[in-house]
Amino acid sequence: MEQRSDTPSPRQLRVLVSGSFGSPLATPQLNSTLQTLADSVHDQLLIVGVTGHAVNAVAPNCEPQVLADLYDGLIVLGGADVDPAQYGQSMESVCSYGINPNADEFEISLLRRAVEVQMPIFGICRGMQLLNVAQGGTLLQDIGPSTVHNVAEDNSALTGHSVRILPETRLSSIFGEQDIEIRSAHHQAIGTLGNELRVAAVAPDGIIEAIELKGEAWGVGVQWHPEDPMADQAQIGRILESFALQCATYAERRVSC
């Protein structure tokens, strides 16, 4: 006879994964790359016991503040450039591509709500840049053509270089080492650092490669793509394991409130 248990099974952690999918403002090559990277994130989340739920920032079907409150964590993926108007500047770079103000506003609102309620946040590439903008920071609109950070005009192809992780940061506790090789594709970067943020990693040329929220709230942004299938898969695994633990803590806190 089957025995019934009065102990409820633990709820599956649910994470909102925001990205721009199939944008008509991006090239087909970039859209294809972004979809591949998004699929990789969802696969890696399942490995650490988390279910990822995608929302298309190009055409969301729910208000960002309402949507954020339904989940245990937030991931904002890479994508096109951020509208300079979001950080108080006019367009200065002829290299900007795929700008979608509506997607920017949606994801910035998601990030601000997540920061407000201390929901765990993981931002990748554009996601890191948006976290900085959401916190009042600015971006460098173009870091120049001859850099280690990109090899294609629309950033649809990734390249490799090293980054140095700074001590006494969340990333240093995650990786346990100073220098790692990463996969990168960006022509913009952090300019002025946003409020309540700190630098967590830098490239050999001084470009900021990772940022973190100060204080108790877990918020990490990386300028590179650890989810790239050609990257060291241990990197995305370590980051998402740490992220998942924080999501579990956040979920427990929500239930107890």
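Computed from the coordinates by the stated procedures, all read-outs in this text should not be read as laboratory data. Note that this is a predicted model, so its numbers are computed, not measured. Note: ideal-geometry Cβ built from the backbone for every residue, glycine included; neighbour counts use all protein chains shown.
Quick notes on this one:
- Cα shape, the range 175-257, gyration tensor, a/c 1.5 rule: oblate
- Cα gyration tensor shape for the range 13-256, rounded if a/c is under 1.5, else prolate or oblate: rounded
- Listing CYS62, CYS95, CYS247 from fewest to most neighbouring C-beta atoms within 10 Å gives CYS62, CYS95, CYS247.
- Entry note, the range 13-256: relative contact order of 20 percent, from Cα contacts under 8 Å with a spacing of 6+ residues.
- Of all DSSP beta bridges in the range 13-256, antiparallel share, percent nearest 5: 50 percent
- In this simple spin-label model, placing a label point 7 Å from the Cα along the Cα-to-Cβ direction at both ASN56 and THR192 gives a separation of 3.6 nm.
- Comparing mean-square fluctuations of LEU131, LEU111, LEU240 from a GNM of the chain with C-alpha springs under 10 Å, the top value falls on LEU240.
- Here the sum of -39500 (n - 2.57) over DSSP H runs of 4 or more residues, divided by the residues of the chain, equals -10000 deg cm²/dmol at 222 nm, to the nearest 500.
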